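All remarks here apply to the structure that follows.
The values are calculated or read from the model by the stated rules, or taken from the named source; none is laboratory data. Please read these numbers as outputs of a predicted model, since none were measured by experiment. Note that we place each Cβ from the backbone using ideal geometry, even for glycine, and neighbour counts take in every protein chain shown.
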Amino acid sequence: MEDELMVRYISRKKEEGLELLVETYGGLITSIVRTQLGSLKNYEEECVNDILLGIWTNIDRFDDKKNTFKNWIAAVAKYKAIDYKRKYVKSQHSKSLTEVEGMLGDDYLALQKELKEEVNELLSHLNERDRELFKSYYLEDVALENIAVKRNTTISNLYNRLSRGRKKLKEIFK
């Protein structure tokens, strides 16, 4: 009942809904962020704020027929925290390894390894060809034109495979 009220308030952009959300699920969100970000404590508050903003602006995507509000919030929090971790690793990747080791040492390398394991676990639900497509396109930023030439296929075919793969992953993690 309280979840329905929260959703209604947030949908109508009433601040009471956000206050209820923080009061009811603030601990859950913070816990998920801490678990995902690990040693990146200075990003926690910003990440939590982005999660709350994401819930506020995307409340129309919540479907109570598919999931509970609590589970939806947890999923939003988890994926936003993973995005933060990915963004951090990517920003550090552009610096020289010596610079990074001086700043973070083992924390950075452990974080990079942890992120790689999470991505591999997520992609393990796809077949080998789709897994390689996802890695090339999303992780290595290879242009679809180049992938299409390498695989001797069309860009349209690759978009379809990416779309089906995303749908499959969404279904698995609902």
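Go through region 40-78 and report how many residues are surrounded by 16 or more Cβ atoms within 10 Å (Cβ to Cβ) and either at pLDDT 85 or above or under 18 Å from VAL119 (Cα atoms) (or both).
Matching residues across region 40-78 total 17.
What are the pairs with Cβ atoms under 8 angstrom where one residue, in region 112-133, is exposed (fewer than 14 other Cβ atoms within 10 Å of the Cβ) and the other, located anywhere, is of a type outside the set (Val, Ile, Thr) and at pLDDT 90 or above? Sequence gap at least six, or different chains.
Qualifying pairs under 8 Å: SER124/ARG131; ARG129/ARG161.
Given the structure, is ARG166 modelled with pLDDT under 90 and either assigned to a helix (DSSP H, G or I) or within 20 Å of the chain's Cα centre (by Cα) (or both)?
yes
What are the pairs with Cβ atoms under 9 angstrom where one residue, in region 56-75, is within 12 Å of ILE32 (Cβ to Cβ) and the other, located anywhere, is polar (S, T, N, Q) and part of a loop (DSSP other than H, G, I, E, B)? Sequence gap at least six, or different chains.
Short answer, once both residue conditions are applied: ALA75/ASN67.
Which of the residues spanning region 58-83 are touching a Gly at 6+ places or on another chain (Cβ under 8 Å) and not charged (D, E, K, R)?
VAL76
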